[in-house]
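The values are calculated or read from the model by the stated rules, or taken from the named source; none is laboratory data. Please read these numbers as outputs of a predicted model, since none were measured by experiment. For neighbour counting, all protein chains shown are included, and Cβ atoms are generated from backbone atoms with ideal geometry for every residue, glycine included. To get the accessible areas, we keep the full protein, side chains included, count just its heavy atoms, and leave off ligands, DNA and RNA. Shrake-Rupley method; radii C 1.70, N 1.55, O 1.52, S 1.80 Å.
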Amino acid sequence: MPATPTTDPLQRERDHLAASRAALRAMREDVESLDIRDVTGTWVTALILQNQIEARIAALADLSHTPLFFGRLDYLHAVSEELSEGSGGESFYIGRRHVHDADGDPMVIDWRAPVSQPFYRASRTEPMDVERRRRFGYTGGELTAYEDEHLSDPAEGDTTSALLAAEIEKPRVGPMRDIVATIQPEQDEIVRSDITGTICVQGAPGTGKTAVGLHRVAYLLYAHRERLARTGTLVIGPNNAFLSYIEQVLPALGELDVAQATVQQLVGHVEVRGEDDPEAARLKGDARMAEVLRRAVRSGITLPAEPCVVVRGSRRWRVPAYELVEIIEELKGREVRYGAARDALPQRIAHTVLLKMEQGGEAPDDRVQDAVARNSAVKAVVKECWPAVDPAKLVLRLLSEPEFLAECAEGVLTPEEQRAVLWPKPGRSVKTARWTAADAVLVDEATDLVQRTPSLGHVVLDEAQDLSPMQYRAVGRRCTTGSATVLGDLAQGTTPWATASWPEALRHLGKPEAHIEELTKGFRVPEEVIAYASRLLPAIAPGLAPASSVREAPGSLAIRRITDGDTTEAVLAACREALEHEGSTGLIAADARIPRLAEALTAAGLPHLSPGAETSAQARLTLVPASLAKGLEYDYVVLDEPAAVIAGEPDERTGLRRLYVALTRAVSGLTVLHGKPLPEQLR
């Protein structure tokens, strides 16, 4: 006898989950069983097809502890074109990926599909034809609860979603997870922004700007997969610890082909072994250096004083010096890449020779022009008048020779600024020079002046407020023909060259038309914590509005004064206290204090990780230098000695900004321990 359908709504949803997982398994098995031996022509096409199949199999993986769907939409009317307008409503389960049954009917709809959008946007004032929105609660991958909103029922009042709040507050163990189940309307608007436009998100701590940027990549790959598969996508983060923290978000959404890098890795033409003082780094990052480098690259161009004589058989063809000058001046005026112009110069000279041949009664073809372009006399003119440029060697010379720098920087940098930019000890060679991070960006700029940098389809730039103008230019040339998502918070700028405004930053990026969005409603940081940290805003970012939080968490903030002057023992006690709670704990301290605290934690039998290492149930404590805290978050944070965090920076404003970052890493609770006085804004 057939099984009797259950009347328990929760069990019905569990049954649908089980059936959906079985359908996903079947989809994966169908791909695994494909035999491509009879459909591939060559070994190349076979390899390409096999790689595509393997990528498809990986994308169909069922992550056991990740819910396959997290919501359901019940529409008032039919949505599918196959159903008549008079039909009743349809229901769709909303999840991380599409799943269909053996007949091809959808069992789970991808969260990025248009039909899923009302799950994030619908409200009582604008229900978007949704009768009911259902959210599901999970424990360890098992469906344990559901919650309904009847959006089209005027009798039902607004209520706060307990399941939504629980998902937001869920303890954090392991890397950053996706927020696909908790995306808010203002976040969804950014996520679904069109690919043709660049968008800049100014986001206060806890507003989810990083997750929004990553979800926008996932959405764009869904909506424009073929285009982005051809042009590529890239996520740029501030450091490797941050990239390790976010690296599982896109794979969890089924997107496996997005590259990640730091700015330093993008410009890795030389080995960085040195460090600039703050003033030198600031000047090398100044946008004026682009003009200095442009002049340096073109400094070797000279105008010929002698004609070029090409011997072909028994005849000699003469190109007068004035004609050579005209060719070189015309190439200089076109402002094409230096290398492209150098490649064009012999062809231009050869074309002039061919015209003279035709005037002399000959009938040369393209092969003759190519032969003339390779003629030793033509090559000698090119070598003399438009010499080859090695970008690294050029920057080496620029930073080592005061006379050459003065020539290229005249009217751009003052003599004092030139002295600050020069290396204290001239470099002998590209390999042995003590290149700094700012120098590497200059080499990248020079490289682009010689040969155009390939452009990607979309670039996500996170923690963008810390980039120098020259670093913005380095990122911008990687998306000259594509779009970008720029994420940051001006209040968290902690470099001497941190940007003062987003319009200025976007201009350096080459995207002055970008749309700027501001996220001020926090979902991660408790109101008590964000309100305390926001006391610093008038001193560090006067133009920014204070952030607010939708989460009230009484008792989430504790400020403790340590009277004996050394906070180490109190730190150990606070870490033990935090670890009594579920989830991750971050101990944030000034960089100079890290070795001492690491030793104390080890002696106390408290195992701890470094930033970027994945937390687990057995290792939930991470020791975080303040300089690496940006972008990371922990359930509970213990902050050691704010005065030391401030003192670790070159100036007070940067120190206060670093402290602001440290104060806003907590999701559930923050404990601040201080033996020295707190800054006046926090007293």
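Out of Ala321, Ala363, report the one residue that is at pLDDT below 95 and more than 19 Å from Arg452 (Cβ to Cβ). Spell out the reasoning first.
Values: Ala321 fails: at pLDDT below 95.
When all the criteria are applied, what remains is Ala363.
Can you pull out every residue in region 168-207 that is crowded, with 21+ Cβ neighbours inside 10 Å and more than 21 Å from Phe136 (Cα to Cα)?
Ile190, Val191, Thr198, Ile199, Cys200, Val201, Gln202, Gly203, Ala204, Pro205, Gly206, Thr207
Are there any pairs with C-beta distances below 8 angstrom linking a residue in region 554-581 that is within 18 Å of Glu528 (Cβ to Cβ) to a residue that is open to solvent by less than 70 Å² (accessible area, probe 1.4 Å) and assigned to a loop (DSSP other than H, G, I, E, B), with the two at least 6 apart or on different chains, and if so which?
Note: pairs meeting the criteria are Ser556/Pro526; Leu557/Pro526; Ile559/Leu678; His581/Pro171.
Condition check: at pLDDT 90 or above, closer than 22 Å to Pro677 by Cα and over 31 Å from the mean Cα position of the chain (by Cα). Does Ala570 satisfy that? Give the derivation first.
Working: at pLDDT 90 or above: yes; closer than 22 Å to Pro677 by Cα: yes; over 31 Å from the mean Cα position of the chain (by Cα): yes.
For Ala570, the condition - at pLDDT 90 or above, closer than 22 Å to Pro677 by Cα and over 31 Å from the mean Cα position of the chain (by Cα) - is met.
From the residues in region 15-44 that are modelled with pLDDT of 75 or more and hydroxyl-bearing (Ser, Thr, Tyr), which one is farthest from Phe70 (Cα to Cα)? Steps first, please.
Taking region 15-44 as the starting set, the residues that turn out to be modelled with pLDDT of 75 or more are 15-35.
If we keep only those that are hydroxyl-bearing (Ser, Thr, Tyr) too, we end up with 20, 33.
Working: Ser20: 12, Ser33: 30 Å.
Applying the filter and picking the extreme gives Ser33.
Do any helices (runs of 4 or more DSSP H) entirely within region 142-241 hold 1 or more residues that are among the hydroxyl-bearing types (Ser, Thr, Tyr) and within 17 Å of the chain's Cα centre (by Cα), and if so, which? Give the steps one after another, and end with the answer.
Working: elements: 162-169, 185-191, 209-223, 225-231.
Once the helices (runs of 4 or more DSSP H) in region 142-241 are filtered for at least 1 residues that are among the hydroxyl-bearing types (Ser, Thr, Tyr) and within 17 Å of the chain's Cα centre (by Cα), what remains is 209-223, 225-231.
Considering only region 598-640, state which residues are open to solvent by 30 Å² or more (accessible area, probe 1.4 Å) and assigned to a helix (DSSP H, G or I).
Within region 598-640, Glu599, Thr602, Ala603, Ser627, Leu628 meet the criteria.
Out of Pro387, Pro426, I need the residue that is under 30 Å from Ala321 (Cα atoms), outside any helix (DSSP H, G or I) and of a type outside the set (Ser, Thr, Tyr). Which one? Show your work before the answer.
On the way: Pro426 fails: under 30 Å from Ala321 (Cα atoms).
Unique residue meeting the criteria: Pro387.
Tally up the residues in region 409-430 that are of a type in the set (D, E, K, R) and either surrounded by 19 or more Cβ atoms within 10 Å (Cβ to Cβ) or in contact (Cβ under 8 Å) with a residue 40 or more places away in the chain (or both), please.
Here is the first cut: in region 409-430, the ones of a type in the set (D, E, K, R) are 410, 416-417, 419, 425, 428.
So of that shortlist, the ones also either surrounded by 19 or more Cβ atoms within 10 Å (Cβ to Cβ) or in contact (Cβ under 8 Å) with a residue 40 or more places away in the chain (or both) come out as 417.
Here the count works out to 1.
Condition check ((1) farther than 25 Å from Tyr472 by Cβ; (2) of a type in the set (Gly, Ala, Ser)) across all residues:
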| site | (1), (2) |
| --- | --- |
| Ala162 | yes, yes |
| Gln184 | yes, no |
| Ile195 | no, no |
| Ile199 | no, no |
| Pro205 | no, no |
| Lys209 | no, no |
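Residues in region 528-538: is at least one surrounded by fewer than 16 Cβ atoms within 10 Å (Cβ to Cβ) and either in a strand (DSSP E or B) or touching a residue at least 24 places away in the same chain (Cβ under 8 Å) (or both)? Before the answer, list the steps.
Here is the first cut: in region 528-538, the ones surrounded by fewer than 16 Cβ atoms within 10 Å (Cβ to Cβ) are 531, 538.
In the following step, the residues that additionally are either in a strand (DSSP E or B) or touching a residue at least 24 places away in the same chain (Cβ under 8 Å) (or both) were identified as 538.
Within region 528-538, one or more residues are surrounded by fewer than 16 Cβ atoms within 10 Å (Cβ to Cβ) and either in a strand (DSSP E or B) or touching a residue at least 24 places away in the same chain (Cβ under 8 Å) (or both).
Is it true that some residue in region 152-162 is in contact (Cβ under 8 Å) with a residue 40 or more places away in the chain, surrounded by 14 or more Cβ atoms within 10 Å (Cβ to Cβ) and within 19 Å of Val130 (Cα to Cα)? Show your work before the answer.
From region 152-162, those in contact (Cβ under 8 Å) with a residue 40 or more places away in the chain are 152; that's our starting set.
Right, trim to surrounded by 14 or more Cβ atoms within 10 Å (Cβ to Cβ) and you get 152.
This time we only want the ones that are within 19 Å of Val130 (Cα to Cα), so: 152.
Yes, because at least one residue in region 152-162 is in contact (Cβ under 8 Å) with a residue 40 or more places away in the chain, surrounded by 14 or more Cβ atoms within 10 Å (Cβ to Cβ) and within 19 Å of Val130 (Cα to Cα).
Does region 61-74 include one or more residues that are within 27 Å of Leu163 (Cα to Cα), touching a helix residue (DSSP H, G or I) at 6+ places or on another chain (Cβ under 9 Å), among the aromatic types (Phe, Trp, Tyr) and modelled with pLDDT of 95 or more?
No, the conditions are met nowhere in region 61-74.
Could you list, ordered by first residue, the pairs with Cβ atoms under 6 Å in which the first is in region 397-408 and open to solvent by 40 Å² or more (accessible area, probe 1.4 Å) and the second is at pLDDT 95 or above and assigned to a helix (DSSP H, G or I), at least 6 apart or interchain?
Pairs found: Arg397/Phe404.
Scan (1) in contact with a Pro (Cβ under 8 Å, 6 or more places away or on another chain); (2) open to solvent by 20 Å² or more (accessible area, probe 1.4 Å); (3) closer than 30 Å to Pro542 by Cα; (4) outside any helix (DSSP H, G or I) for the single condition Glu582 breaks and write down its number.
Result: Glu582 passes all but (3).
So which of Glu275, Glu306 ends up being of a type outside the set (Lys, Arg), in a loop (DSSP other than H, G, I, E, B), open to solvent by 70 Å² or more (accessible area, probe 1.4 Å) and under 30 Å from Ala377 (Cβ atoms)? Quick ask: steps written out before the conclusion?
On the way: Glu275 fails: under 30 Å from Ala377 (Cβ atoms).
Result of the check over Glu275, Glu306: Glu306.
Of all the residues that make up region 263-302, how many are β-branched (Val, Ile, Thr) and more than 30 Å from Trp386 (Cβ to Cβ)? Spell out the reasoning first.
Looking only at region 263-302, we keep the residues that are β-branched (Val, Ile, Thr), and these are 263, 267, 270, 272, 292, 297, 301-302.
Pick out the ones that are also more than 30 Å from Trp386 (Cβ to Cβ) and you get 263, 272.
So the answer is 2.
Select from region 309-362 the residues that are among the β-branched types (Val, Ile, Thr) and open to solvent by 10 Å² or more (accessible area, probe 1.4 Å) and write down the one among them that is nearest to Asp444 (Cα to Cα). Quick ask: steps written out before the conclusion?
So in region 309-362, the residues among the β-branched types (Val, Ile, Thr) come out as 309-311, 319, 325, 327-328, 336, 349, 352-353.
If we keep only those that are open to solvent by 10 Å² or more (accessible area, probe 1.4 Å) as well, we get 309, 311, 325, 327, 336, 352.
On the way: Val309: 38, Val311: 41, Val325: 30, Ile327: 28, Val336: 17, Thr352: 35 Å.
The extreme case among them is Val336.
Which of the following residues is more than 26 Å from His508 (Cα to Cα), free of Cβ contacts under 8 Å to residues at least 60 places away in the same chain and basic (Lys, Arg): Arg177, Arg225?
Working: Arg177 fails: free of Cβ contacts under 8 Å to residues at least 60 places away in the same chain.
The match here is Arg225.
Of all residues in region 120-137, count the ones that are assigned to a strand (DSSP E or B) and either open to solvent by less than 20 Å² (accessible area, probe 1.4 Å) or over 27 Å from Ile190 (Cα atoms) (or both). Before the answer, list the steps.
Going residue by residue through region 120-137, those that are assigned to a strand (DSSP E or B) are 130-137.
Subset that is either open to solvent by less than 20 Å² (accessible area, probe 1.4 Å) or over 27 Å from Ile190 (Cα atoms) (or both): 130, 133-134, 136-137.
Residues that pass the stated criteria total 5.
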